[in-house]
Amino acid sequence: MTGKKVAAASLAAQAMGWIDPVTKAVVPPIHMASTYQRDEDNGYRSGRIYARADNPTFDQAEATLAALEGGAKAMVFSSGMSAATACFLALAPGDHVVVPKVMYWSLRNWLATFATQWGLAVEFVDAASTDAIAAAVQPGKTKLVWLETPANPTWAVSDIAAAAQIAHAAGALLAVDSTVATPVLTRPIEHGADIVMHSATKYLNGHSDIIAGALVGAREDAHWAKLRAIRAQLGTILGQTEAWLLMRGMRTLFPRVQWACRSAEALAQKFAAHPMIEQVLYPGLPSFAGHEAARKQMSGGFGGMLSVRVKGGEGLAIAAAARVELWKRATSLGGVESLIEHRASIEGPGTPCPPDLLRLSVGVEDSGDLYDDLDQALRRAHNS
Ligand SMILES: *Cc1c(COP(=O)(O)O)cnc(C)c1O
């Protein structure tokens, strides 16, 4: 963009400063083509053959995300799930992987069913404990350690640098689902991670209007080439329009995340003192078990996600969620509108999620309005 090295927020706002060389447009076009003309000598000098491998509309989003994460390369996917599962499909049946007990529910299900049936030896551990990760890793046999931090829906924090040391000493890679932290708050590669994964559906896009995923690689090596091949072979690429919307959303990533962090912190403090709340789970609260680990690797805030445990249990939690007016009752997170969800009922039997827990995704509304709305819902639920 300029000769001077600028801050990440500036890179994001201007999508790396891209200007179209022909028209001088400040916004990249959408390339709809599925195929590319071959040269007269039968080559493909453009580097592009067929759009199941990639699409020029991805370029800006991928370059921007790689820069924000401090990685060598980024790849966008059709969803967070297709990005995450590519990391496990790049392994071989028989390989041992260490994954968190508390993590994004759909990925946990896939690991316990498809990945296990396919032959991966999947070991679920308490990933908030570095000792538990160290005890599970088997040198030579473990090929991947997976973290999610802060982790859905309790926001348990894993120490990325400690896990990277353990994984690498055993000859394994470390991948981090950083969907909730975003590169605004944590850059896992700086702490030793090899791969960063995002559900770009969430904060990166930020407007609840696309499904998208991304991987960022610390190095552009043989492993990265394998991940690229999996995306091209399975066709888990992002659509052109979605890629364009993702880049448009990422331009406001910093102000959205910074605003959400400030509001979430204020709400966590106020609900911690609320008579109808048993406990607030938020990495920014000094009383939170993972607060020290969070301080080590998060900067600029502790995220826009928190959970509250409602006094009186599951019935009152569901009754309070039924009475909100400003918060929207919906799954997902990281959008500009605030969402509330009774998580245990969507995760179903076997969930480690407490039944009295409401998950809150804080958007960019006024935080006083958000507090007042949940406060009135809790009081009405209590009195009903
Ligand atoms: C939503 C989510 C995913 C899955 O992403 P999709 O885009 O829905 O496929 C994975 N990890 C976390 C932490 C998520 O919140």
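Identify, from the list LEU111, LEU65, LEU89, the residue that is within 14 Å of the ligand (Cβ to nearest atom) and not small (Gly, Ala, Ser).
None of the other options fit; the residue is LEU111.
Identify, please: which residue in the range 288-337 is of a type in the set (S, T, N, Q) and touching a strand residue (DSSP E or B) at 6+ places or on another chain (Cβ under 6 Å) and is, among those, surrounded by the most Cβ atoms within 10 Å (Cβ to Cβ)?
Only one residue fits best here, namely SER307.
Quickly run through the range 1-13 and pick out the residues that are modelled with pLDDT of 95 or more and polar (S, T, N, Q).
SER10
Please work out which one of (1) under 19 Å from the mean Cα position of the chain (by Cα); (2) not in a helix (DSSP H, G or I) is the condition ALA163 fails and give its number.
Unmet condition: (2).
Only one of (1) part of a loop (DSSP other than H, G, I, E, B); (2) out of contact with any strand residue (DSSP E or B) (no Cβ under 7 Å at 6 or more places or on another chain); (3) under 27 Å from ARG359 (Cα atoms) fails for ARG219. Which number is that?
(3)
I'd like the full set of residues that are closer than 16 Å to VAL196 by Cβ and aliphatic (A, V, I, L, M), limited to the range 39-80.
Residues satisfying the conditions are ALA61, ALA63, LEU65, ALA66, ALA67, LEU68, ALA72, ALA74, MET75, VAL76.
Residue by residue, here is whether (1) without any contact (Cβ under 8 Å) to a residue 24 or more places away in the chain; (2) of a type in the set (S, T, N, Q); (3) within 19 Å of VAL157 (Cα to Cα) holds:
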{"site": "GLN297", "(1), (2), (3)": "no, yes, yes"}
{"site": "GLY303", "(1), (2), (3)": "no, no, yes"}
{"site": "LYS311", "(1), (2), (3)": "no, no, no"}
{"site": "ARG323", "(1), (2), (3)": "no, no, no"}
{"site": "TRP327", "(1), (2), (3)": "no, no, no"}
{"site": "GLY335", "(1), (2), (3)": "no, no, no"}
{"site": "LEU339", "(1), (2), (3)": "no, no, no"}
{"site": "LEU360", "(1), (2), (3)": "no, no, yes"}
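Taking the range 197-219 as the search range and keeping residues that are hydrophobic (A, V, I, L, M, F, W, C) and crowded, with 24+ Cβ neighbours inside 10 Å, which one is farthest from the ligand (Cβ to nearest atom)?
VAL216
Could you pull out the residue among THR85, THR64, THR116, THR57 that is under 18 Å from ILE189 (Cα atoms), hydroxyl-bearing (Ser, Thr, Tyr) and either surrounded by 18 or more Cβ atoms within 10 Å (Cβ to Cβ) or free of Cβ contacts under 8 Å to residues at least 24 places away in the same chain (or both)?
THR64
Among what's in the range 1-33 and is of a type outside the set (D, E, K, R) and loosely packed, with under 10 Cβ neighbours inside 10 Å, pick the residue that is nearest to THR64 (Cα to Cα).
ALA7
For SER178, state whether it is more than 12 Å from the chain's Cα centre (by Cα), within 13 Å of the ligand (Cβ to nearest atom) and small (Gly, Ala, Ser).
no
For a quick check of your reading: which helices (runs of 4 or more DSSP H) sit entirely within the range 1-98 and have at least 1 residues that are in contact with an Asp or Glu (Cβ under 8 Å, 6 or more places away or on another chain)?
80-89
State whether the residues of the range 106-127 include one that is assigned to a helix (DSSP H, G or I) and under 14 Å from the mean Cα position of the chain (by Cα).
yes
Give the range 174-197 a look and list any residue that's under 16 Å from ALA12 (Cα atoms) and touching a strand residue (DSSP E or B) at 6+ places or on another chain (Cβ under 9 Å), or say none.
Across the range 174-197, the qualifying residues are THR182, PRO183, THR186, ARG187.
Just to be sure before I move on: is MET276 under 25 Å from GLY17 (Cβ atoms), touching a residue at least 60 places away in the same chain (Cβ under 8 Å) and among the aliphatic types (A, V, I, L, M) in the structure I sent?
Here the answer is no, as MET276 does not meet what is asked.
Do we find a residue being under 19 Å from ASP177 (Cα atoms) and away from the ligand (no atom under 14 Å from the Cβ) anywhere in the range 33-42?
No: zero hits.
Restricting to the range 152-196, count the residues that are surrounded by fewer than 24 Cβ atoms within 10 Å (Cβ to Cβ) and among the acidic types (Asp, Glu).
2
Taking the condition within 29 Å of PRO255 (Cα to Cα), assigned to a strand (DSSP E or B) and in contact with an Asp or Glu (Cβ under 6 Å, 6 or more places away or on another chain), does VAL176 pass?
No.
The values are calculated or read from the model by the stated rules, or taken from the named source; none is laboratory data. This structure is a prediction, so every number in the text was calculated from the model and none was measured. Every residue, glycine as well, gets a Cβ built from its backbone with ideal geometry; the counts of neighbours run over all protein chains shown.
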